[in-house]
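Worksheet for the structure shown next.
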Amino acid sequence: MGKTYGSFPFGYELLDAGGSLKLERWGDIVTIRPELQAYFPPARPLSSWRQTAHWEFIPEKQASLNGTWKKLKPGAPAQWPFATDGFSVYLETSGNKHLGLFPEQNINWRWLSTELGPEKKFLNLFAYTGASSLAARTAGADVTHVDSVRAMIAKASANAELSGITGIRWAVEDAMKFVQRELRRGNSYDCIQMDPPAYGLGAKGEKWKLENLLPEMLDSGCQLLNRGGTLIVSTYSPKLGTEELNAAITGVQAGISFETSELWLKSTSGKALFYGLIARIRKES
Ligand SMILES: C[S@@+](CC[C@H](N)C(=O)[O-])C[C@H]1O[C@@H](n2cnc3c(N)ncnc32)[C@H](O)[C@@H]1O
């Protein structure tokens, strides 16, 4: 188990981190957001951050995802198009601290861009606003994008339109239900990516926790892979450490090899931030 330091996607910069906050640049717009992992002091004083930033997210309670965005510069846009690694997405200051893109995921966009081509089938589960779908489709792959939240599919499809990318298959469905249906239909994929939330809602509205469902998710995902295919897994859950992730992967029935790693980004000011775990599982040829 190693540490992987990711690079910044085009147009993005983690400028500084500390004091349970992070300072980020997205094109011309600079934001301040809460960051639990930034438990150390920042490199630059927070007062200087607030002179630079356009927006700051104020959580309604400590560690809450919900809250309000405070405008620090008059005229700062609440939504703006952001051109990154070969595609564009709309970023927006909405009711929660997420803006519409996870920049550390560019480690996966870059892998997909180099490993996938026109003859490859890619399935993006828990696909959010579509960054990995756009990267894979730009490489020419046949792309199926699954998210259970209709509003997310609408955002991903708006991002595809903004990027001038067509031909992605969109599915508003529970990820596991979709996988089980594809297995029954006899379909298979060359690459599957899953980035499940720590807590989720299943097909019948039932609550699940990632640490309970992950072994089954990984096993079914690997069944759905073609021989020689790759399952990419990202996890970000305090309940799921490297040992638990490795144990869940070792339980997969199919013949596989895998590597897991901690994902980190280093700010331009020199502060290292932890972004969860990443695994690549390869099904034997
Ligand atoms: C952490 S985000 C994924 C981020 C994405 N990989 C990226 O980098 O752009 C989790 C996504 O999973 C979706 N989701 C939550 N529960 C789901 C379920 N049961 N089935 C499918 N999607 C689900 C949410 O709507 C959200 O878009």
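The values are calculated or read from the model by the stated rules, or taken from the named source; none is laboratory data. Model, not experiment: these values are computed from the prediction. Cβ coordinates were reconstructed from backbone atoms using ideal geometry, including for glycine residues, and neighbour counts include every protein chain displayed. These area figures cover heavy atoms from the full protein model, side chains too; ligands, DNA and RNA do not enter into them. Shrake-Rupley method; radii C 1.70, N 1.55, O 1.52, S 1.80 Å.
The table below gives the values:
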read-out	value
Positive-end residue of 205, 179, 276, charge dipole of the chain with Cβ unit charges	205
Note, ³J(HN,Hα) from phi for region 143-149, Karplus 6.51, -1.76, 1.60, rounded to Hz, x at Gly and Pro	10, 10, 10, 10, 8, 7, 9
Solvent-accessible area per residue, Å², over region 191-262 with all protein chains present [probe radius 1.4 Å]	48 Å²
Theoretical gain in end-to-end length, residue 78 to residue 266 [0.36 nm per residue, Cα-Cα removed]	65.0 nm
Hypothetical label at residue 150: residues of region 172-200 whose amide nitrogen lies under 16 Å (7 Å Cα-Cβ projection)	172-174
Long pairs among 71/97; 22/207; 70/209; 97/121, criterion Cα-Cα beyond 24 Å	22/207; 70/209; 97/121
Average accessible surface area per residue within region 1-157, 1.4 Å rolling probe, Å²	44 Å²
Gained length - residue 250 relative to residue 226, 0.36 nm times residue gap less alpha-carbon distance	6.8 nm
In region 136-220, trypsin sites (Lys or Arg not before Pro) in a DSSP loop with at most 12 other beta-carbon atoms within 10 Å	204
Sulfur and carbon atoms: percent of accessible area, region 221-267 [1.4 Å]	47 percent
Accessible surface, 1.4 Å probe, highest first, among residues 199, 39, 275, 128	39, 199, 128, 275
Protection proxy ranking, peptides 45-51, 239-245, 84-90, average beta carbon neighbours within 10 Å, highest first	84-90, 239-245, 45-51
Histogram of C-alpha separations across region 1-148, 10 Å bin width, %	11, 35, 34, 16, 4, 0
Rounded to 5, the percent of DSSP beta bridges in the chain classed as antiparallel	65 percent
Length-normalised contact order for the chain - Cα pairs under 8 Å, 6+ apart - percent	17 percent
Solvent-accessible area, 1.4 Å probe, carbon plus sulfur percent, for region 1-129	54 percent
Of the GluC sites (Glu not before Pro) in region 56-131, those whose Cβ has at most 14 other Cβ within 10 Å and which sit in DSSP loop	60, 119
Distance histogram for the chain (every C-alpha pair counted, 5 angstrom bins, percent rounded to whole numbers)	1, 5, 12, 16, 19, 17, 14, 9, 5, 2, 1, 0
